[in-house]
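Report on the structure given below.
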Amino acid sequence: FSSAVAVVRAQVQQEPSVETPEGTAVSINCSHPNTQTNEFIHWYRQFPGRGPERLEFILKGSKVLRDPPGRLSVSEDRRSSSLWLQHPRRSDAAIYYCGRG
């Protein structure tokens, strides 16, 4: 299992890539230090040869993700967020993006 992550909007930073063995939990982190109070944090994934699909958006706190199974959390100060995949499968290998808006 491997997932590449990329910058979607200006002033959003992510690791260039994250890899984990299939079935081993992984956290993909995103830094967005200048997020405004009313801005949502959006997370997307994109499979090869397909357009991006939105996984979830969140103002702050945590949400449980059904597909892929895991959790999305935004820090209380809203300067960072993380996508935690609980049991990633080979079929979850994709590019994962975060963005503000």
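Taking springs between alpha-carbon atoms closer than 10 angstrom, which of PRO88, PRO21, PRO48 fluctuates most in the Gaussian network model of the chain?
Highest fluctuation among the options: PRO48.
With a probe of 1.4 Å, find how much accessible area the chain has per residue, and write the answer as a whole number in Å².
Here the per-residue accessible area is 56 Å².
Take the Cα pairs of the chain, get the Kirkwood Rh, then feed it into Stokes-Einstein at 10 °C and 1.306 mPa s and tell me D in µm²/s.
So the translational diffusion coefficient is about 119 µm²/s.
Given 0.36 nm per residue, what is the gain on full extension from THR24 to ILE95 after removing their alpha carbon distance, in nm?
Going from the current span to full extension adds 23.8 nm.
Once the other residues with Cβ under 12 Å from the Cβ of GLU56 are scored (Lys, Arg +1; Asp, Glu -1), what is the net sum?
+3
In what sequence, highest mean first, do 69-81, 29-41 appear when ranked by Cβ atoms within 10 angstrom?
69-81, 29-41
Between GLN46 and LYS60, what length comes free when the chain is fully extended (0.36 nm per residue of separation minus the Cα-Cα distance, one decimal in nm)?
Here the segment from GLN46 to LYS60 would lengthen by 2.7 nm.
The values are calculated or read from the model by the stated rules, or taken from the named source; none is laboratory data. As the structure is a prediction and not an experimental result, all values here were calculated from the model. With ideal geometry, Cβ positions are generated from the backbone for all residues, glycine too; neighbour counts draw on all protein chains shown. For accessibility, only protein heavy atoms count, side chains too; no ligands or nucleic acids. Shrake-Rupley method; radii C 1.70, N 1.55, O 1.52, S 1.80 Å.
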